[in-house]
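Below is one structure; the comments refer to it alone.
The values are calculated or read from the model by the stated rules, or taken from the named source; none is laboratory data. In this text, all values refer to a predicted model and were calculated from it rather than measured experimentally. No Cβ is skipped: glycine too gets one built from the backbone with ideal geometry, and neighbour counts run over all protein chains shown.
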Amino acid sequence: MQPFSPHRLPILAAAVVGLLLLPSAPADAACNDDPEPGVDWSRCDKSKKRLRGAELSGGNFTDTDFSGSSLSGAELKGANMVRTNLLRASLNDADLSEANLSNAFGSRARLVGANLTGANLSKGEFSRTDLSGANLTQADMSKADFPRANLRGSDLSDAVLVYANVSRAQFQDSELAGADFGGAYTLLTRFEGTDLSNTRNLTQEQLDIACGDDETTLPTNLLRPASWPCKGADSE
């Protein structure tokens with residue numbers, strides 16, 4: 001055995017630090033676990049999976065990759081989906097009530113008829129997402145991006161869209177009673193045939209750059225623009 005040399009201390013210390021800095025797998029996540037209520041798939045790769053109708057209520061999907069996956073009809077009530085990747089995922093008719101989707105990436109996802117009652121979508125990215133017919137009652141959509149999103153026929157009663165980007169988004173025939181548009185960006189937002197009379201914090205400036213028609217009902221404090229700036233404009 002070679003005698004211990006104090007000159008080897010820096011080498012040993014560097015080796016220990018290197019081991020400590022090695023990336024580690026999630027302590028509790030079990031990516032191979034079967035789908036079930038409360039499952040922990042945080043930081044797991046679940047892209048392009050078939051999970052239609054899966055029971056995943058209360059699960060932990062923080063930083064999980066569900067891109068391109070089919071989750072239509074899935075039960076995700078109360079799920080933790082912070083920073084979840086839902087790019088082009090299908091969640092039609094899924095139950096996401098009370099789910100936390102803050103900072104989620106859901107560009108071009110399909111959530112037709114999904115239940116998002118009381119869900120947190122704040123600071124998320126949902127450009128070109130199809131939310132037509134979805135229930136977004138009391139949902140927190142503040143500071144989120146919904147450019148060109150399809151929200152036709154959706155229920156946004158008492159939803160919070162404060163500082164949200166809804167430019168070119170489609171709200172035709174949506175329920176917007178109590179929806180808070182404070183500071184929202186409404187460039188070419190489609191409000192044709194929509195009742196805006198009971199929205200909150202909608203301003204004349206927001207209305208003047210949005211799209212509407214003779215069937216658009218306005219709050220009593222706002223005036224109908226002499227001409228809508230986006231009449232005939234392409235919203236696709």
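Evaluate the following for residue 202: is it part of a loop (DSSP other than H, G, I, E, B) and out of contact with any Lys or Arg (no Cβ under 6 Å at 6 or more places or on another chain)? Yes.
Among the residues making up region 61-76, those that are in a loop (DSSP other than H, G, I, E, B) and either within 11 Å of the chain's Cα centre (by Cα) or within 20 Å of residue 31 (Cα to Cα) (or both) are 61, 62, 63, 64, 66, 67, 68, 69, 71, 74, 76.
Matching residues to (1) out of contact with any Pro (no Cβ under 7 Å at 6 or more places or on another chain); (2) touching a residue at least 24 places away in the same chain (Cβ under 8 Å); (3) surrounded by 20 or more Cβ atoms within 10 Å (Cβ to Cβ):
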| position | (1), (2), (3) |
| --- | --- |
| 179 | yes, no, yes |
| 192 | yes, yes, no |
| 197 | no, no, no |
| 207 | no, no, yes |
| 211 | yes, yes, yes |
| 218 | yes, no, no |
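Pick from 142, 227: which is assigned to a loop (DSSP other than H, G, I, E, B) and either more than 17 Å from the chain's Cα centre (by Cα) or more than 30 Å from residue 87 (Cβ to Cβ) (or both)? Going through 142, 227 in turn, the sole match is 227. Filter region 83-130 for residues that are under 18 Å from residue 158 (Cβ atoms) and over 11 Å from the mean Cα position of the chain (by Cα) and give the result. If the condition is that a residue be under 18 Å from residue 158 (Cβ atoms) and over 11 Å from the mean Cα position of the chain (by Cα), then 97, 98, 114, 115, 117, 118 are the ones that fit.
Take the conditions over 14 Å from the mean Cα position of the chain (by Cα), on the phi > 0 side of the Ramachandran plot, at pLDDT 95 or above and of a type in the set (Lys, Arg) and apply them to residue 50. Does it pass? It is false that residue 50 is over 14 Å from the mean Cα position of the chain (by Cα), on the phi > 0 side of the Ramachandran plot, at pLDDT 95 or above and of a type in the set (Lys, Arg). Selection of region 96-106 for residues being part of a loop (DSSP other than H, G, I, E, B) and crowded, with 20+ Cβ neighbours inside 10 Å yields 96, 97, 99, 101, 102, 104, 106. For region 132-151, the criterion of being surrounded by 22 or more Cβ atoms within 10 Å (Cβ to Cβ), of a type in the set (Ser, Thr, Tyr), at pLDDT 95 or above and touching a strand residue (DSSP E or B) at 6+ places or on another chain (Cβ under 9 Å) is satisfied by no residue at all. Which residues, taken from region 148-164, are under 15 Å from residue 211 (Cα atoms) and either without any contact (Cβ under 8 Å) to a residue 60 or more places away in the chain or among the β-branched types (Val, Ile, Thr) (or both)? Selection gives 149, 150, 151, 152.
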